[in-house]
Every structure is written in structure tokens, then in C-alpha cells.
1. Can you give me the angle between helix 179-193 and the longest principal axis of the chain, using Cα atoms only, in degrees from 0 to 90, rounded to the nearest 10?
2. Within the set of other residues whose C-beta is less than 14 Å from the C-beta of Tyr23, count the net charge using Lys and Arg as +1 and Asp and Glu as -1.
3. Share of segment 1-74's accessible area from carbon and sulfur, percent, 1.4 Å?
4. Taking the highest mean first, how do the peptides 230-242, 46-58 order by number of other beta carbon atoms within 10 angstrom per residue?
5. Using unit Cβ charges (K, R positive; D, E negative) and no other charged atoms, how large, in debye to the nearest 20, is the dipole of segment 302-367 about its Cα centre?
6. Need one word for segment 250-303: rounded, prolate or oblate. Basis is the Cα gyration tensor (sqrt eigenvalues a ≥ b ≥ c); a/c below 1.5 gives rounded, then a/b vs b/c decides.
7. Can you tell me which aspartates and glutamates have their Cα less than 13 Å from the Cα of Lys34? Leave out same-chain residues fewer than eight positions away.
8. About the Cα centre of the chain, what is the dipole size in debye to 20, counting +1 per Lys and Arg Cβ and -1 per Asp and Glu Cβ, all else neutral?
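The values are calculated or read from the model by the stated rules, or taken from the named source; none is laboratory data. Given the structure is predicted, the values throughout are model-derived calculations rather than measurements. As a convention, Cβ positions derive from the backbone with ideal geometry for all residues, glycine included, and neighbour counts pool all protein chains shown. Calculation scope for accessible area: heavy atoms of the full protein, side chains included, ligands and nucleic acids excluded. Shrake-Rupley method; radii C 1.70, N 1.55, O 1.52, S 1.80 Å.
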Amino acid sequence: MKQVAGIAGAVLRIDLQAIRYNYRLLRGLLGAAKCGAAVKADAYGVGAVQVVQALYAEDCRDFFVAHLQEAIIIREHLPADAAIYVMHGSPVGHEVELLEYNCTPVLNSLPQMLAWRALAQKEQRHLPAIVQVDTGMARMGLSAAEVQQWQADASLSDGIDLQYIMSHLVSAEDQVNPVNQQQLQAFNALRTQIPACQGLPASLANSSGIFLGKDFHFNMARPGAALYGVAPVAGQANPMHAVAHLQGRIIQTREIPAGTGVGYGSTWRSSQTTRIATVGVGYADGWMRSLSNRGIAHIAGQAVPMVGNVSMDTITLDVTAVAAEHLQPGSMVDLISADNTVDQVAARANTIGYEILTSLGGRYERTYSN
């Protein structure tokens, strides 16, 4: 999409240097273990093409996406020595495209394993893959029943060059949750119980899992959200640098008398003469409707409340206490900033930082600094 500077309703600034800093911080915690990067969902909404190039410059060579389509998009922007892992495996009947784009599937079920084995037989060569086992998520990965079938018939993985055995943590951000240790024990047990996985490199830790300590690091970690500035450990200070800075443009301001309703449904009414600023960002841009009458913004460092319902294209702010010089049409309002972080916005929206980032819309004027 062609961008013309200065005309979008909001500007999203992405600090690639902050992403590189965050990657170095996480890699430094891992000791000898490799540090990959989850760049699915367009790198959590901030731009996968720009992010993979920045991380490759930091010597990251292992990239994880959810869908094959995401892998195809970033492959042309990465050198051949970068490994791209497709965590959902291959779409049924499209296994050969993984070979075409030099991507490696994560095999999550016996049907996926059998399809990959069949392709290996057809190609008459061993094909690389990661195998995922379920240790408590009950979402993806070989189930206990499928593991038993594999244990009984080692030929199920014939022709598959297994790179790693992996699993995914359920509650790693909650460091005292006993499920973390339960999953670790289950993962270690499966690594020894499956003959084909004995001695195989392993991967368990996501962003938060890195902070659980070396027992969770194994051979490679797969951080995602922390790379993009989301706090990795609940209840603790966030060591990650902020990546996204979102500013909306003021369209107009007006003064309303006491008792005036603002926005759809008039869910907020002024108790006194009030100055209202309308800003060009709404739920069509990923600014969530749950922030209605709950969100805040900052103008010249001053917090102002969001009043009325979030509309498709606009929000309204009570700017009565802000000097008029900061309220001219085109003036910028901070929506995500050092004063109102992704995690703080998420808390007000009753969600998580992941959802705030991945909801960032396509109408923003996007700029990247490095």
C-alpha cells in the first residue's frame, strides 16, 4: 500500500534497534542455547519483513511462523542459511511447497508425520522436520496416544530428518505456577521414551520460558512477544525495550456544555463545560472498542481520558485541561508510548499485550528506525 506522509489518521513508529536490543538481551540469558525468533502474525503486528532483516543482522538464523503463507513472504527477504520453521505444519496437500521455499515443518500429529514421510519417499531423500509433543496445552503436538503409536512403530518417522523435539509452555509468565515444572518433567520424559527422539536437540522455552532458568533452555528458545517489548514475567519490572510507538492525529476540537453526550450511545456525558478532541484512530485500526470510557492518551506528556465509545475510525478525548497550543488540527496524541506501554494499554482493554500488537491496523503510516 502506497503511503503519503502526513495524511494518515495515525502514525506507528517501530524501533528496530529496540528489537535488536531485546534479542541480544534474551540471547545473553541462554548461555550455549540458540535463540530463535517467533515472527508469526507479521512479527506480532510490527512488520515481519523488516524484523527478520534486523534480526538476521544480529545473527539470528532460526525463524518461526505459524502458517506456510507467512514463511513464503519472509523467505525472499532472508538468505538461504536462515531456517524458517512452520509451526502449523503444512496445509494438507501442500507439503511440496515447503521444499520449494526451503522451509521446515513442525509436525504436530501422526497424519502430518505420515504425509511428510510420504513426500520423503517420493523425493527419495530424508526431509528435515521438527516434531512437537503435547505436554499440557491440549492444542497442538502429538497426543499421548500418538506418542504410543510412534513408540510401537518407529517406521512412522522413516525418511524424516528430525532436527528438534519441541513443546510449548502453558503459563510461563507466571513463574510460580506448578504447571511449569509439570510440563518440564513431562517433556524430559518424552525425550527419553520416544526412541527416535533420544539425544535429539530440544526446544521448550518461549519468551517467558527463558526467564524460568536454564532447565527450560535446552538447545534453542523461541521468543516472540518479549522481542516486541511485551513484559515476559507477570508482576515484575519489564526489562525489554519498547518497540511500538503509536500516535493519532487530532482532527478537530470542540467545546460542549454540561450534560452533552459524546459518541455512539451517549455512554459518556459531560458534567461541566468540556473541550473534546476527536482523533483519527478507531477499532478499524485495531484500537479496541473495549477501551471505550477506559483508555487514556497523552498530549505533551499530560494524560487525558478517552470518553465515549470507540468508533470505527475515531476516538474522543477530554482535553479540557490541555493547553490550546497542543490541540491544533494535525497535532499528535500519544496512544502507545513510554507513558502508556503496550501492557498498560492491554490492561485497560482487559486483554494482553499480544492482542494489542497483533491488532495494529493497516491504515497507519508506518515508519521504521534502526
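1. Approximately 20 degrees, to the nearest ten.
2. On the way: positive: Arg20, Arg24, Arg27, Lys34, Arg61, Arg222; negative: Asp15, Glu58, Asp59, Asp62.
Counting the neighbours of Tyr23, the net charge comes to +2.
3. On the way: 1620 of 3000 Å².
Here it works out to 54 percent.
4. Numbers: 230-242: 16.9, 46-58: 20.0.
In decreasing order of mean packing, 230-242, 46-58 become 46-58, 230-242.
5. Values: 3 positive and 8 negative charges, 30 e Å.
So the magnitude is around 140 debye.
6. The shape class here is oblate.
7. Qualifying aspartates and glutamates at Cα under 13 Å: Glu58, Asp59, Asp62.
8. Details: 25 positive and 30 negative charges, 105 e Å.
I would put it at about 500 debye.
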